[in-house]
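To start, the structure under review is shown below, and the notes come after it.
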Amino acid sequence: MIKTILILILISSNLFSQELYRVFFTDKGPQSENTFEPVLENLSDQAWNRRAKMTNNTVIHFLEEDRFIYRSYVDSVNSITGNILLELNWNNYVVTRIDSQDVELIESFTFVDRLVPIKSRRAFGNSSHEIDFLQEYVMESFRYGGSEAPLEALNVLELHSKGFNGQGVTIGFIDSGYDWIDDPIFEGINVVAERDFIFGDDVTANQEGDRGNQDHHGTAVLSLVSGYLQDTLIGIANQANVVIAKTEDLRSETHIEEDYFAAAVEWMDALGVEIINSSLGYRYFNQGQENYEYEDMDGRSTIVSDIVNKAAARGILFFTSAGNDGKKGERSLISPAEADSVISVGAIRLDVDSVANFSSRGPRVDDVIYPKIVAPGVSILAAAPSSSTNTVIRANGTSFASPLAAGATSLYLGAFKNIPTWEIRQKLYQSCHRYEDQDSDYGYGMPDIQKMFDESGIAISYPSYYPIEDSKMRVVFYTHSKVEINDLRIIAANGVVHTVNPGIEDDQYYADIHFDYFIDNQFDYMIASSDGESEFNLPIQNTYQILINGKNNYLSVQLDSTFIQRGVDPTIFPTSVNEKKTFNYVAYQASVLNFSVGNKYSDAEVYIYDLLGNLVFKEKRRIMDHNQIDINLRSGLYLLVVNTGIEIYSDKFSTTR
């Protein structure tokens, strides 16, 4: 009897086998029932701002593609399959497993356009569609360790020293997974959101069912932008916000990973992501899945190239690795490295200034030159897997060139947020060292980010601030400009203008804000500048925010606190007499901190900050010739600040346990 049951089960399984399909719908349903309202509610403020910038803030365009899939269509398919895995709004389809007996039934629905097996290489066919539009802050300057060379090659070191570090920009990563939570390299990272599109949860690190090395690649990629460990690895934009998506399933290579990829892009769009990096690519698949032919590398025919183009049309700068098939010669690109609107990145060797032999070459099938640019991709220092005994590893690949280029560009985007992304892309290309001599090995060549700054007017860094004598807070910031700045002011939210003074370093400025101007212990302000022809304000005032939302953004100073931008050296900040005040000595031993300033003060405030700028100790006390604080500190580097009301003394000290 048992044998008979087993045979029947096997026969039933064979008769009604399941297969993954994309179910495309004919339309988005009646507009009276499927309105744009849910779409508008789903978009973050950042997403609204990014789209507004595409038309210089004059009008915000929404396409029919933006409307959600008509719920009645989804429910009808789900009533048969019972397992809708993904909903892709922009291309109007769902991914689901369908029993072979139900395929014809679903195809017969009048609202179903077609069913495409996931294993098929073609989802759209050849298309003529074209895109119209080409606090956790350390109190010391960066010590790059072995990570300096690629950043120097992209010319960002001076920008870092001024505090341009990706602030205010949100970068999305689409990769295999990320083991970031307990890794010291990622201390201080600002992960806005994370999503695993493979298992449908919010865990992007390895979990049950993953291969052991699932999250290794994505972790290394993320560290090149967001890593921060002094003397070891400094990420190129480690103050940027990040959104991370896990879409690449290392257990196999199948076309559904393209759908995971597309779903991640739509998710990131709604969150307001401004730059996306994908160190992934698709051309060859497992047995039983159709490979892409090079005729498919036309910029718009694959799932991933199509979604990249749609993201670019919505104001997202999209970077992707060119691929590592360069040893196969020319025309070795993978998708979406050939997408119409992608910034595909090849790998260059810094030691000999030549493209790495593994870096995939173009041109595209229609002879358009790809990749678009190159960046360092050989012997790159990156975060090691958690299973390793090392903190960092050396790695090769266009997978590492792409995030370096994306992160470097975020420094520019953070400083010039009102420039449309198609224009930023063009400025990026124009900064490259082979712009006038492009080819399908180098593309336009390697970008020069400081050159982009130099040719774009006035840039103002996000400020640092700290208390000084006479009940004032000092705000310090830097500018970067090749044109003369003839007007520089701090304007409070209530309209009061405060004087800005030159600092003690080139391009350094400061203003002293009296406590009387603080409201509820906070001072809200903006920095305004002009070169006589054009104006630039920080934070950048977006027309959409002002006119539609009826609100404005401001910077803020918190009363009687210290905030230093990461990467900026506070020892060269102006003090009350424009010189640094140091201690006679600072020493920590056996849980006791000893220090002397050489004078006595009846009433002073003592602060201790950790490596990330977190306040770990604060006390009002009398300062004597010799002072002692009993405090148990973990091993690390700290900053001691003593504010006497007349002078500010500051110095770093280290602890060991």
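Tell me, what ³J(HN,Hα) does each residue in segment 178-189 have, in order and in whole Hz, if you take phi through Karplus 6.51 cos²θ - 1.76 cosθ + 1.60 with θ = phi - 60° and put x for Gly and Pro?
Residue by residue, segment 178-189 yields 8, 9, 10, 5, 9, 7, x, 5, 9, 5, x, 5 Hz.
Count the DSSP beta bridges whose two residues both fall in the chain, then state the antiparallel fraction as a percent rounded to the nearest 5.
In the chain, approximately 75 percent of DSSP beta bridges are antiparallel ones.
Given 0.36 nm per residue, what is the gain on full extension from residue 494 to residue 592 after removing their alpha carbon distance, in nm? Kindly include the intermediate steps, with their values, before the conclusion.
On the way: separation 98, 0.36 × 98 = 35.28 nm, distance 4.57 nm.
Additional length available on full extension: 30.7 nm.
With a 1.4 Å probe and every protein chain kept in, tell me what percent of the accessible surface of the chain is carbon plus sulfur.
Using a 1.4 Å probe with all protein chains present, the chain comes out at 46 percent carbon and sulfur.
Using a cut-off of 18 Å between alpha-carbon atoms, which lysines can reach residue 600, once sequence neighbours fewer than 8 places away in the same chain are excluded?
581, 620
Give the shape of segment 211-282 as rounded, prolate or oblate, defined through the alpha-carbon gyration tensor: a ≥ b ≥ c are the square roots of its eigenvalues, a/c under 1.5 means rounded, and otherwise the shape is prolate if a/b is larger than b/c and oblate if not. Before the final figure, lay out the partial values.
Numbers: a/c = 3.03, a/b = 1.36, b/c = 2.22.
Oblate.
Using the crude model of +1 on Lys and Arg Cβ and -1 on Asp and Glu Cβ, and no other charge, please compute the dipole size for the chain relative to its Cα centre, in debye to 20.
Here the size comes out at about 860 debye.
Positive end of the dipole of the chain, charges at C-beta (+1 Lys, Arg; -1 Asp, Glu), about the Cα centre: which of 237, 206, 623 has its Cα farthest in that direction?
So the residue we want is 623.
So what is the accessible area of the chain per residue, in Å², with the probe set to 1.4 Å? Spell out each step's value before the answer.
On the way: 26720 Å² over 657 residues.
Accessible area per residue: 41 Å².
Through the Karplus equation 6.51 cos²θ - 1.76 cosθ + 1.60, θ set to phi - 60°, convert the phi angles of segment 498-511 into ³J(HN,Hα) values in whole Hz; use x for Gly and Pro.
For segment 498-511, the Karplus-derived couplings read 10, 6, 10, 10, x, x, 9, 10, 4, 6, 9, 9, 8, 9 Hz, x marking Gly and Pro.
Work out from phi, with θ = phi - 60° and the Karplus expression 6.51 cos²θ - 1.76 cosθ + 1.60, the ³J(HN,Hα) of each residue of segment 246-254, listed in order in whole Hz, and give x for Gly and Pro.
Running phi through 6.51 cos²θ - 1.76 cosθ + 1.60 with θ = phi - 60° gives 9, 10, 8, 9, 6, 6, 6, 10, 10 Hz.
Under a straight-distance cross-link criterion of Cα-Cα below 17 Å, which lysines are reachable from residue 246, leaving out those fewer than 8 residues away in the same chain?
Excluding near neighbours in sequence, the set is empty.
Which entries in 372/417; 372/451; 119/327; 372/427; 162/482 show an alpha-carbon gap greater than 24 Å?
119/327
Work out the charge dipole of segment 417-495 with +1 on the Cβ of Lys and Arg and -1 on the Cβ of Asp and Glu about the Cα centre, then indicate which of 490, 446, 468 is farthest towards its positive end.
The residue sitting farthest along the positive end of the dipole is 468.
The values are calculated or read from the model by the stated rules, or taken from the named source; none is laboratory data. What you see is a predicted model, and the numbers here were worked out from it, not measured in a lab. Counting neighbours? That spans all protein chains shown, and the Cβs are built from the backbone with ideal geometry, glycine included. Areas reflect the complete protein model, heavy atoms only, side chains present, ligands, DNA and RNA absent. Shrake-Rupley method; radii C 1.70, N 1.55, O 1.52, S 1.80 Å.
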